[in-house]
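**Student:** If you scroll down you'll find the structure; I have some questions about it.
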Amino acid sequence: MTEELFREDATLLSCAATVVAVDEAGIVLDRTVFYPLGGGQAGDAGTLETADGTVIAIADTRKHKERPGVIVHLPAPGADLHALAPGTRVTARIDAARRQAHRRFHTATHLLCALVPHPVDGCSITAGYARLDFHMNEALDKDALTAGIARLVAEAHPVRHRWISEQELDASPQLVRSMSVQPPRGLGRVRVLEIVGVDLQPCGGTHVGNTAEVGAVIVTKIEKKSAMTRRVILGFAEPGGSPG
Ligand SMILES: [Zn+2]
């Protein structure tokens with residue numbers, strides 16, 4: 001198991017870690033600040049640096065295909081991994097701009113869930129855009145959704161996560177009913193993300209600490225993907241587009 005430091009603190013940009021394994025799947029550390037692709041959110045990029053100053057570029061992060069709970073750091077093409085024998089101490093450092101874009105967009109998608117009361121079919125969060133597919137056939141208004149997001153951002157709602165045991169979930173059916181996405185079962189505990197007064201749902205992703213930090217996120221496009229799917233695409237409004 002890789003210790004997942006990003007689950008408790010999404011602002012953490014670096015950590016000391018020890019190399020556990022290096023193979024064709026990538027680099028495994030004992031602990032990491034790198035978020036692996038999952039829950040619709042893209043993986044982190046960044047660097048691993050050894051004590052002698054050797055820097056290995058990490059292009060992406062994934063969950064290990066065969067080993068549950070293990071995170072794999074994917075080296076950039078051509079990266080020299082000779083400095084990374086098991087036991088080597090490294091500083092793992094993520095690309096801060098890319099992480100910040102993921103955090104802002106991920107919280108923005110939860111705001112969108114609060115504004116569109118329909119089940120979510122799919123979700124993708126990258127540094128350049130985010131998209132959310134809603135299972136619905138009604139039309140959606142781009143400007144009204146952009147205004148709705150701007151209002152929730154301006155209201156500066158606190159964003160926080162907590163872990164809930166399955167026993168606690170079973171004992172509080174009203175909590176499950178208030179969630180916009182139903183929690184997964186069978187894992188013992190569920191991480192829920194609460195935007196206070198706005199939205200509550202199970203989520204493992206990295207978020208901002210307050211909706212004010214989402215900043216200027218707008219709906220750039222609404223597409224009718226099928227008779228029962230409306231796709232909403234979010235972008236950054238600031239000049240220059242994506243910061244990552
Ligand atoms: Zn989420």
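**Student:** Look at residue 195 and say whether it is farther than 20 Å from residue 11 by Cα and at pLDDT 95 or above. Outline the logic, then answer.
**Tutor:** On the way: farther than 20 Å from residue 11 by Cα: no; at pLDDT 95 or above: yes.
No; evaluated as a whole, the condition is false for this residue.
**Student:** Going by the structure shown, is residue 128 closer than 20 Å to residue 237 by Cβ and assigned to a loop (DSSP other than H, G, I, E, B)? Walk me through it before giving the result.
**Tutor:** Working: closer than 20 Å to residue 237 by Cβ: yes; assigned to a loop (DSSP other than H, G, I, E, B): yes.
In short, yes.
**Student:** So, one more: Anything in the stretch 95-125 that is within 19 Å of residue 35 (Cβ to Cβ) and acidic (Asp, Glu)? List them, or say none.
**Tutor:** Within the stretch 95-125, 95 is the sole residue that qualifies.
**Student:** Right, residue 186: more than 19 Å from the chain's Cα centre (by Cα) and closer than 23 Å to residue 4 by Cα or not?
**Tutor:** yes
**Student:** So residue 180 clears everything in (1) within 16 Å of the ligand (Cβ to nearest atom); (2) touching a Ser or Thr at 6+ places or on another chain (Cβ under 6 Å) except one condition, right? Which one?
**Tutor:** (2)
**Student:** Looking at this structure, is residue 112 open to solvent by less than 10 Å² (accessible area, probe 1.4 Å) and under 21 Å from the mean Cα position of the chain (by Cα)?
**Tutor:** yes
**Student:** Can you tell me which residues in the stretch 92-106 are out of contact with any strand residue (DSSP E or B) (no Cβ under 6 Å at 6 or more places or on another chain), closer than 11 Å to residue 13 by Cα and crowded, with 23+ Cβ neighbours inside 10 Å?
**Tutor:** Within the stretch 92-106, just 99 meets the criteria.
**Student:** If residue 200 satisfies all but one of (1) over 18 Å from residue 119 (Cβ atoms); (2) at pLDDT 85 or above, what's the number of the condition it fails?
**Tutor:** Residue 200 satisfies all of (1) over 18 Å from residue 119 (Cβ atoms); (2) at pLDDT 85 or above except (1).
**Student:** Still on this model: Considering 53, 78, 38, which residue is within 16 Å of the ligand (Cβ to nearest atom) and either open to solvent by less than 40 Å² (accessible area, probe 1.4 Å) or farther than 30 Å from residue 131 by Cα (or both)? Before the answer, list the steps.
**Tutor:** Working: 53 fails: within 16 Å of the ligand (Cβ to nearest atom); 78 fails: within 16 Å of the ligand (Cβ to nearest atom).
The conditions single out 38.
**Student:** Residue pairs, Cβ under 9 Å, 6 or more apart or interchain, first in the stretch 29-40 and closer than 15 Å to residue 17 by Cβ, second in a strand (DSSP E or B) and of a type in the set (Ser, Thr, Tyr). List them.
**Tutor:** Correct list of pairs: 29/18; 30/18; 31/18; 32/61; 33/14; 34/61; 35/61; 36/61.
**Student:** Another question, if that's okay. Select from the stretch 194-208 the residues that are out of contact with any Phe, Trp or Tyr (no Cβ under 9 Å at 6 or more places or on another chain) and more than 7 Å from the ligand (Cβ to nearest atom) and list them in ascending order.
**Tutor:** As a first pass, look at the stretch 194-208 and keep what is out of contact with any Phe, Trp or Tyr (no Cβ under 9 Å at 6 or more places or on another chain): 194-203, 207-208.
Within the stretch 194-208, 194, 195, 196, 197, 198, 199, 200, 202, 207, 208 qualify.
The values are calculated or read from the model by the stated rules, or taken from the named source; none is laboratory data. The shown structure was predicted, so the numbers you read here are calculated from the model rather than taken from an experiment. Using ideal geometry, Cβ is built from the backbone for each residue, glycine included, and neighbour counts are taken over all protein chains shown. All accessible areas refer to the heavy atoms of the entire protein, side chains included, with ligands and DNA or RNA removed. Shrake-Rupley method; radii C 1.70, N 1.55, O 1.52, S 1.80 Å.
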